[in-house]
1. Write down the percent of antiparallel bridges among all DSSP beta bridges whose residues are both part of the stretch A:3-194, to the nearest 5.
2. Rounded to the nearest 10 Å², what accessible area does A:K126 have for a 1.4 Å probe in the complete protein model?
3. Considering only C-alpha atoms, what is the centroid distance from the stretch A:118-196 to the stretch B:82-145, in Å?
4. In the protein assembly as shown, with Lys and Arg counted as +1 and Asp and Glu as -1 at Cβ, which of these residues, B:G43, B:P110, A:V6, has the Cα nearest the positive end of the dipole, that is, farthest along it?
5. Within 10 Å of each Cβ in A:109-121, how many Cβ atoms from other chains are there, averaged over the peptide?
6. Would you calculate, for chain A, the mean residue ellipticity at 222 nm contributed by helices, counting each DSSP H stretch of 4 or more residues as -39,500 (n - 2.57) and dividing by all residues, to the nearest 500?
7. Once both labels are modelled 7 Å past Cα along the beta-carbon direction, what's the A:R109-A:D135 spacing in nm?
8. What average count of beta carbons from other chains do you get within 10 Å of the Cβ of residues in A:16-22?
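The values are calculated or read from the model by the stated rules, or taken from the named source; none is laboratory data. Since this is a predicted model, take the numbers as computed values, not measurements. Neighbour counts are summed over all protein chains in view; Cβ atoms, including those assigned to glycine, are modelled from backbone coordinates with ideal geometry. Protein only, heavy atoms only, side chains kept; ligands, DNA and RNA dropped before computing areas. Shrake-Rupley method; radii C 1.70, N 1.55, O 1.52, S 1.80 Å.
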Amino acid sequence: MQVAIVKYNAGNIFSVVHALNRLGINPIITDDAEQFSKADKILFPGQGHALTTMTYIREHQLDRVIRELKQPVLGICVGQQLMCSHSEEGDVDCLGIFDVDVKKFNPTRHTDKVPHMGWNSLTHMKGDLYKGLPDESFVYFVHSFYVPVCQWTVAESAYIQPFSASLQKDNFYATQFHPEKSGSIGEQILKNFLDL
Amino acid sequence: MLAKRIIPCLDVKDGQTVKGTNFVDLRQAGDPVELGKAYSNMGADELVYLDITASHEGRKTFTELVGRVAANINIPFTVGGGINELEDVDRMLSAGADKVSINSAALRRPEFVDEIAFRFGSQVCVVAIDAKFTDGTWKCYVNGGRIETDRNLFDWAKEVNERGAGEILFTSMNHDGVKTGYANEALAELSDLLSIPVIASGGAGKKEHFRDAFTLGKADAALAASVFHFGVIQIPELKLYLKNEGINIRI
């Protein structure tokens, strides 16, 4: 299977590469539309700032390329946020695949620290990505911005309030958490994506 | 709900895991990658690898080790020891570490915290603080607990919080290696004072100590080394115990 990772100015894609390697996949890292068209699956991972990453994506005309992908695409962390309509991080318009806006966490109690960092449980899981996983499965999150629960939500988590841990629409999948850092549960989610 | 984290700490010297009692008297406890993998399979929530090698060659060995850890382990891990410049941070993150822990370098040059937060984001910046309670105050130490500074624990923790640290790893030198429990009073004070997570370190001897760090100490995570390395406490058993005690834990 040919797996491509979207190359852009976001950090920490090594851990996604390692996670794929552990599943016997050698991904290519590219920003070339031609290469994408040859791939069976595409991953859009990353950590970074919504404004700086979106600016880069537009400058390199990757926005249209990503929107027009036909094979299964998995956005991870900032990847999920960039697939939404707009982000409060830098007040920037994003790819608009999911018709929902990304908000900043507003802590209401001292114990609600931002970023939301650590292991949190998934609820209301549905669809192919979560096949075979028990409710309340724990996955690893690191983020300060979140996607509210919406019609595209396929898994929820709760921190300060319930939010979208995962989204899906047609061939576009996304997780706010890091499956590549979420132990055996995360590995299963990546496997489920590769099996689509 | 966000789970409290259990973090085994692996001290690494020349590519091998070691653990000291009260920072001296090192003993061997296994291969770092194998040990980390075993902890991950047992349910550890994160790992910390501390490079206690001083030599230049040791540094290179450690960077290679970080790469091997990243390739083999599917939970987050932090690396620390000898991180003095942005270049060191970059090297560790590029090798695959999720976070870096800085200690003496931050006390010597506090702007280092701002620089890491600005360039790589707060979430990668763990500030480790070794402090000792003497004559009614908590004083910060540098160089692995060998040199006292005039910094107070709480003032320093607050300062690095404001400078952009993502987490505080607080080791009580009074409690480290003694196995009579964590410094819960100081931990609770830190937790109330700061807007970032606090990791408790130093003093774990039995399961109850972890519970107390989370309840009395209000810690977000608890770190330990020798009780795990020598099998005094088994992580699966510890996590079940904590869950039964009403603490939110990932099982």
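1. Details: 22 of 38 bridges.
Here the antiparallel bridges make up roughly 60 percent for the stretch A:3-194.
2. Near enough 120 Å² of accessible area.
3. The stretch A:118-196 and the stretch B:82-145 have Cα centres spaced 32 Å from each other.
4. My answer, from the dipole projection, is B:G43.
5. Shielding by partners across A:109-121 averages 6.
6. -6500 deg cm²/dmol
7. 2.3
8. Counting other chains' Cβ atoms within 10 Å and averaging over A:16-22 gives 3.
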